[in-house]
Amino acid sequence: MPTVDEELERIRRLLVDAHERGVASGLGSGVLTDDDEVEGHNNPGAGGAGEIEKDDDGMLFVESFRNVTSVPRGFTRGRKRPRPLSLVNTVLIHQTAVAGGFGLSERLLGRHTGQVFSARQERYRDTPYHGMYSPMDRGSVVQWPAWVHTFHGNGGNDYSVGWAYDGKLPGDVLDLHGARSALRHFVTAMREVGVELRYVEAHRQHSNQRGGDPGADIWSSVVRPLLDELRLEERPTRTTGTGLPLPNDWRGHSS
Ligand SMILES: [Zn+2]
């Protein structure tokens, strides 16, 4: 068994390496010079100089954690102690259930000089999800490293990373293409730092208070079509605590 310190060092090295690769490829050169160093994230739009570039579909992809080895001071959405990456094998899917997605105050927008997506990322830091998709901004955010044990999914917290679609369904129009691209981005980014994701579960499976989380639309139209591509398996009857199995209609069967 590696010691905790050895495991932390290994995690730190993986994160730093992956981070540097991401920054380097983002810059197009594939090679980092001292001038290119960005402390903790490759997201110059959030709190730094410059803008992030949209892709051909108008989408934005950022890994916005500020530092690869620590969470911000004041973080209250999880445990303070890191966990070994080897414990994490599952993506746990949520919807935020906020109609239209999280709003932004004038004050927050002011702090980000009107840059909406940048302000939204700060707002998301008050949430425990490791990754989120913002349909308003068409932005995919990977915000907490996988070794951060956050309180997003009840009995599923220990072994999962949380991903949320920021909206309320049914109700909002589901941004299908954006959500799929964001989930793909999230799973890929986590695997790049050595997280061996094998399973996908719904928040519903861990709490009877969250029976509609993430709901039939997200499960059947976003998650299930990506199972083969992302090499993820559902565990439809696995539950913890008061959780409930996946309903048949989420899985495309009549009930
Ligand atoms: Zn949830």
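The values are calculated or read from the model by the stated rules, or taken from the named source; none is laboratory data. Since the model is a prediction, treat every value here as computed from it, not as a measurement. Note: ideal-geometry Cβ built from the backbone for every residue, glycine included; neighbour counts use all protein chains shown. The protein model used for the area step is the full one, side chains on, heavy atoms only, and it has no ligands, DNA or RNA in it. Shrake-Rupley method; radii C 1.70, N 1.55, O 1.52, S 1.80 Å.
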Restricted to the range 188-204 and to residues being in contact with a helix residue (DSSP H, G or I) (Cβ under 7 Å, 6 or more places away or on another chain) and modelled with pLDDT of 95 or more, the residue most open to solvent (accessible area, probe 1.4 Å) is 204
Any chance the range 231-242 includes a residue that's within 16 Å of the ligand (Cβ to nearest atom), buried (at least 21 other Cβ atoms within 10 Å of the Cβ) and either under 16 Å from the mean Cα position of the chain (by Cα) or over 22 Å from residue 59 (Cβ atoms) (or both)? no
Within the range 156-187, which residues are open to solvent by 40 Å² or more (accessible area, probe 1.4 Å) and small (Gly, Ala, Ser)? 171
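Go through the residues of the range 104-111 one by one and say whether even a single one is open to solvent by less than 10 Å² (accessible area, probe 1.4 Å) and outside any loop (DSSP other than H, G, I, E, B). Show your work before the answer.
So in the range 104-111, the residues open to solvent by less than 10 Å² (accessible area, probe 1.4 Å) come out as none.
No, because not a single residue in the range 104-111 is open to solvent by less than 10 Å² (accessible area, probe 1.4 Å) and outside any loop (DSSP other than H, G, I, E, B).
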